Amino acid sequence: MPIPAYLIIAIVVFAILYFVAPTALTAFRRFRGKRLVTCPETRQPAGVDVDVKHATLTALAGPPDLRLKHCTRWPERQDCGQECLLQIELAPEECKVQHILTSWYEDKACAVCGKPFGAIHLYDHKPALLNPDDHTVEWQQLRVEQIPAALEAARPICWDCHILKTFMREHPDLVIARPARHVQQAGK
């Protein structure tokens, strides 16, 4: 008795979903996103993107083959040996820009209001940086290769204080500075 075609298709689809999809998804999640590496040639920070499609497809047949899709030193140095990929292979999470930024805020409090930073999630408003010149900078305003210097010079500031300082800077004519009021607590 011949096996129906739909049963063969169902078995193949199940096998793909069961064996192939988890490997592909793991590789995709591991190698996506902007990275900050130290360029082996210049010993300076460089922002790179891994070719996630290539890494995911090669992970299906064995260890993923990494290659760069973009580097902040390109197009001038596009023919480099891509030795920086070793940094990504050895510590794929630690060189992710998102990880570097969120880790920097751990155990810190807002430089303006003093509120401690908890876990920073991708779907929340992101905290910002308070530069020595008292201007705030959002993460996406920084070029990847500027991040180490910015983190060294800046102080952390929460989203609320960042928005307040930005509004005060951009619309000083709409802001009235009043002295702080001391509110008496009930029963005292």
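The values are calculated or read from the model by the stated rules, or taken from the named source; none is laboratory data. The shown structure was predicted, so the numbers you read here are calculated from the model rather than taken from an experiment. Glycine also receives a Cβ, built like all others from the backbone with ideal geometry; neighbour counts cover every protein chain displayed. The protein model used for the area step is the full one, side chains on, heavy atoms only, and it has no ligands, DNA or RNA in it. Shrake-Rupley method; radii C 1.70, N 1.55, O 1.52, S 1.80 Å.
For the chain, what relative contact order do you get, as a whole percent, if you take Cα pairs closer than 8 Å and at least 6 residues apart?
16 percent
Each residue of segment 44-52 in turn: what ³J(HN,Hα) in whole Hz from Karplus with 6.51, -1.76, 1.60 and θ = phi - 60°, glycine and Pro shown as x?
Per residue, the Karplus-derived 3J(HN,Hα) values read 10, x, 9, x, 9, 10, 7, 6, 5 Hz.
Under 5 Å between amide hydrogens, which residues at least 5 positions from His70 or on another chain qualify, with H placed 1.01 Å from N in the peptide plane?
The list, which skips near neighbours in sequence, is Asp49.
Computed FRET efficiency, Cβ-Cβ of Asp124 and Leu174, R0 22 Å: what is it to the nearest 0.05?
According to the calculation, E is roughly 0.25.
Along the charge dipole of segment 14-108, pointing to its positive end and built from +1/-1 on Cβ of Lys, Arg, Asp and Glu, which listed residue (Leu17, Trp104, Ala46) has its Cα farthest out?
Leu17
Using the Cα centre as the reference, give the magnitude of the dipole from point charges on the C-beta atoms of the chain (Lys, Arg: +1; Asp, Glu: -1; all else neutral), rounded to the nearest 20 debye.
520 debye
Between Trp159 and Thr42, what length in nm is gained on full extension when 0.36 nm per residue of separation is reduced by their alpha carbon distance?
Full extension from Trp159 to Thr42 adds 38.6 nm.
If a paramagnetic tag sat 7 Å from the Cα of Ile16 along the Cα-Cβ line, which residues of segment 59-79 would have the backbone N under 19 Å from that point?
59-62
Need one number: nm distance between label points at Gln98 and Asp79, each 7 Å from Cα along Cα→Cβ, rounded to one decimal.
3.6 nm
Taking segment 106-154, which GluC sites (Glu not before Pro) meet the DSSP loop condition and have no more than 15 other C-beta atoms within 10 Å?
Sites meeting the loop and neighbour criteria: Glu106, Glu138.
Once phi is turned into θ = phi - 60°, what whole-Hz ³J(HN,Hα) does the Karplus curve with 6.51, -1.76 and 1.60 give for every residue of segment 60-65, x standing for Gly and Pro?
Each residue's phi maps through the Karplus curve to give 5, 10, x, x, x, 9 Hz.
Quick one: 3J(HN,Hα) in Hz for segment 92-98, Karplus 6.51/-1.76/1.60 with θ = phi - 60°, rounded, Gly and Pro as x.
My calculation for segment 92-98 gives x, 7, 5, 9, 5, 4, 4 Hz in order.
All other residues with a Cβ under 13 Å from the Cβ of Asp134 taken together, and with Lys, Arg as +1 and Asp, Glu as -1, what is their net charge?
Net of charged neighbours comes to +2.
Are there trypsin sites (Lys or Arg not before Pro) in segment 1-74 that DSSP marks as loop and that have at most 12 other Cβ atoms within 10 Å, and which are they?
In loop regions of segment 1-74 (DSSP not H, G, I, E or B), the sparsely surrounded trypsin sites (Lys or Arg not before Pro) are Arg43, Arg67.
Taking the solvent-accessible surface of protein heavy atoms with a 1.4 Å probe, what is the per residue accessible area of the chain in Å²?
71 Å²
Mind listing which chymotrypsin sites (Phe, Trp or Tyr not before Pro) in segment 75-142 are in a DSSP loop and have 15 or fewer other Cβ atoms within 10 Å?
Listed in order of number, the matching sites are Tyr123.
Compute the acute angle (0 to 90°) between the alpha-carbon long axis of helix 159-170 and the principal axis of greatest extent of the alpha-carbon atoms of the chain; round to the nearest 10°.
Rounded to the nearest ten degrees, it is 60.
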